Amino acid sequence: MSDPLRQRYEELKAQIHYHNYRYHVLDAPLISDAEFDRLMAELRRIEAEHPEWVTPDSPTQRAGGLPLEKFEKVRHPAPILSLANAFNAEEVRAWFERIRKLDARVEHTAFVVEPKIDGLSVVLHYQDGMFVQGATRGDGEIGEDITPNLRTVRALPLRIPLSDAGDHPVPRRVVVRGEAFILIKDFEALNRKLEEAGERTYLNPRNTAAGSLRQLDPQITASRPITLLVYQIVAWEDEKLPPPATQWETLETLRAWGFPVTDIARRCQSLEEAIAYAESWARQRDRLPFEADGMVIKIDDLRLAAELGFVGKDPRGAIAFKFPAREVTTTLREIRVNVGRTGVLTPYAVLDPVEIGGVIVERATLHNFDYIAEKDIRPGDRVWVKRAGDVIPYVIGPVIEARRGDEKPYVPPAYCPVCHQPVEHFEGEVAWYCVNAACPAQLVRNLEHFVSRSAMDIAGLGIKIVEQLVEAGLVHDVADLYTLRKEDLLRLEGFAEKKAQNLLNAIQASKSRPLARLINALGIRGVGEVTAAELARHYPDLDALAKASVEELMQIEGIGPNTAQAIVDWFSRPRNQRVLEKLKAAGVWPRSEMAAPSATAALAGLTFVITGTLKNFTREEAKAFIEAHGGKVTDSVSRNTNYLVVGENPGSKLQKARQLGIPLLDEESLQRLIRERSG
Ligand code: IVH
């Protein structure tokens, strides 16, 4: 491999695989997203020049190809077994007694205890270290080929070993089994996003993960936050290498190869230790980041486990020690409706308080009005309620047999429960909205969002103060924050000189937030942090964005017809236009420096240093911006520096640059430089 470009290409692939692993498997990234994107962009450039170099293990091949017609069948190399259940420690001991009678060696065996993740079982084939096929469990003998979908799972290694695996060489062919699932935090975030966009929310992480992987369009899978943990080697083919002899070594080997492996597995020397460990997790199950329905206790010695054989599809060498169920029934007292920031009306259940796994539950989500109708959930019903991990409890459905006969079907409200204006429905969405922009419920939520950390980040302005401001009539829209006077604040309860001044300072400081944050802060339906950043990359300011058409907006990655329409609608409302005018008058009018089309090579070969506080950028953003245009950013000024980008209150770098005669740029001239150089 003498070609230096080829060498760079291989090096890049290895680097990207490694950083992907740091992020998605170890949860300990070493570089920023922008740096990662830059490596990917370079890889794509090389692949565009040399398509003949691209192999299936290239990081670019994850993206999700064309939709499939149907899933092909895959015969598993060995049966993909299930597990027998035990519901208490006595049943675990009874299992042990049974197998001890079959084989006396069980007496002195060790165990491995692992979480039993509630996801979708997957079977992954690697040939010469390359991921070549992935299947569902199916009936245990034959599964469905979901390879393109599994490629999109970032935690799944496309090539093993990832880096030097030391004492753990990879066999010629190996088939690994694991569980694909969605982390609870990712599930909640996904549902929040859907709710904001007025779309149907998902019922639970398990069904969402399974549904996402068993669907024909890999693009859709790619958009869902699926992750993976592996725990078994199903087949091992190699003339020279022997497979691991124990379950514990199996986990270590898989980990060394670069697979995600649970870090709460434990090797226990006795059955009682194994039971105690499993029970300790039963008590702390709310701390697990994923849904689990129990712990699996496995005989560590794999030869012994195999020799014990199975009963039906359940191997004798392992047992699932199930956690207590988290589904209970209680009475649905009432259905109430919450009004969200975007005006979305969300129904929720008020329940007779009931204990589920040590937590008293009085409220549960009902998802949306269609869900209530589909399940025919009626006020007064006895209902099943499920609480899993940290997922918000939800109503599964009514106990029809428990009906008395006087329960009436639920009728969704025709008027907003807070401002009593008529509610509206948009085509293609399941949600109902209160579209009254002056609705106090929305105003409070709007402000709450506007001032939040990911938006304008106004420190010290919590929900309490927001409510005070709205109630006192001091704030009628978000722009009113910028004309608050100290004497107004001093009239509010709990405000003294210092607190009022701090708040005014924080509001003042928020004026210089970059455009992306302001766009996010406006609370347009379907426009969150990511979309806002994308918009700020395409439009220099809100005036320009306000003029964008639906067609134009739909050209932007990640913006579909609904969001595009929502953006256009938002800017067309007179009330919002007044808010914009007020913001502009108050000097809250950031200009985007990222408006140039991304990834030009205008700055290639140039080295920049940044000093001082920039108007529209954080340091990281400025760096990413320069890098996106092919430039390099270093920390200190030297003779190799081509330009110094100077903001307010510059440091000693300015002096140094002057001494060396290095040209200075402000943000505008940086923009101009790019425009000129990109011709
Ligand atoms: S071991 C012989 N270990 O639970 C191997 N299964 O009811 C048998 N599962 O379909 C499976 N986490 O999808 C095993 N750490 C774990 C597991 C696990 C989740 C699932 C698996 C299986 C089901 C068995």
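Any residue in the stretch 35-52 that's open to solvent by less than 100 Å² (accessible area, probe 1.4 Å): show its pairings with residues that are assigned to a loop (DSSP other than H, G, I, E, B) at Cβ separation under 6 Å, as long as the two are six or more apart or on different chains.
Final answer for the pair search is ALA41/ALA599; GLU47/VAL54.
Is one or more of the residues making up the stretch 631-644 under 20 Å from ASP541 (Cβ atoms) and either of a type outside the set (A, V, I, L, M, F, W, C) or outside any loop (DSSP other than H, G, I, E, B) (or both)?
There is no residue in the stretch 631-644 that is under 20 Å from ASP541 (Cβ atoms) and either of a type outside the set (A, V, I, L, M, F, W, C) or outside any loop (DSSP other than H, G, I, E, B) (or both).
Which residues, counting only those in the stretch 199-255, are of a type outside the set (Gly, Ala, Ser) and in a strand (DSSP E or B)?
Scanning the stretch 199-255 gives ILE226, THR227, LEU228, LEU229, VAL230, TYR231, GLN232, ILE233, VAL234, TRP236, GLU237, THR246.
Does the stretch 573-591 contain at least one residue that is more than 26 Å from GLU35 (Cβ to Cβ), touching a Gly at 6+ places or on another chain (Cβ under 7 Å), open to solvent by less than 50 Å² (accessible area, probe 1.4 Å) and among the polar types (S, T, N, Q)?
The answer is no; no qualifying residue exists.
Pick out, from the stretch 1-112, the helices (runs of 4 or more DSSP H) lying fully within it that include 1 or more residues that are modelled with pLDDT of 95 or more and within 16 Å of the ligand (Cβ to nearest atom).
Helices (runs of 4 or more DSSP H) meeting the threshold: 89-102.
Wholly within the stretch 312-391, which strands (runs of 3 or more DSSP E) include no fewer than the required count, namely at least 2 residues that are closer than 26 Å to ILE182 by Cα, within 16 Å of the ligand (Cβ to nearest atom) and touching a helix residue (DSSP H, G or I) at 6+ places or on another chain (Cβ under 8 Å)?
In the stretch 312-391, 318-322 are the strands (runs of 3 or more DSSP E) which contain 2 or more residues that are closer than 26 Å to ILE182 by Cα, within 16 Å of the ligand (Cβ to nearest atom) and touching a helix residue (DSSP H, G or I) at 6+ places or on another chain (Cβ under 8 Å).
Determine the pairs where a residue that is over 16 Å from ASP186 (Cα atoms) and touching a residue at least 40 places away in the same chain (Cβ under 8 Å), located within the stretch 217-233, has a partner that is within 16 Å of the ligand (Cβ to nearest atom) and among the acidic types (Asp, Glu) with Cβ atoms under 7 Å apart, the partner being 6 or more residues away or on another chain.
TYR231/GLU114
Would you mention how many residues in the stretch 268-284 are within 14 Å of the ligand (Cβ to nearest atom) and open to solvent by 20 Å² or more (accessible area, probe 1.4 Å)?
2
Give the residue, chosen from PRO289, PRO260, that is in a loop (DSSP other than H, G, I, E, B), in contact with a Lys or Arg (Cβ under 8 Å, 6 or more places away or on another chain) and closer than 29 Å to ARG326 by Cα.
Sole residue among the options that is in a loop (DSSP other than H, G, I, E, B), in contact with a Lys or Arg (Cβ under 8 Å, 6 or more places away or on another chain) and closer than 29 Å to ARG326 by Cα: PRO289.
I need a count of the residues in the stretch 441-459 that are among the hydroxyl-bearing types (Ser, Thr, Tyr) and surrounded by 21 or more Cβ atoms within 10 Å (Cβ to Cβ).
Residues that pass the stated criteria total 0.
Among the listed residues VAL359, VAL339, VAL344, identify the single one that is open to solvent by 50 Å² or more (accessible area, probe 1.4 Å), farther than 30 Å from ASP139 by Cβ and not hydroxyl-bearing (Ser, Thr, Tyr).
Answer to the check: VAL359.
Just the residues that are of a type in the set (A, V, I, L, M) and either over 27 Å from LYS240 (Cα atoms) or within 9 Å of the ligand (Cβ to nearest atom) (or both), please, taken from the stretch 116-134.
Correct list: ILE117, LEU120, VAL122.
The values are calculated or read from the model by the stated rules, or taken from the named source; none is laboratory data. Just so it is clear, the model here is predicted, and its values are computed rather than measured. Cβ: placed from backbone, ideal geometry, glycine included. Neighbour counts: every protein chain shown. In case anyone asks, the SASA skips ligands and DNA or RNA and just uses the protein heavy atoms, side chains included. Shrake-Rupley method; radii C 1.70, N 1.55, O 1.52, S 1.80 Å.
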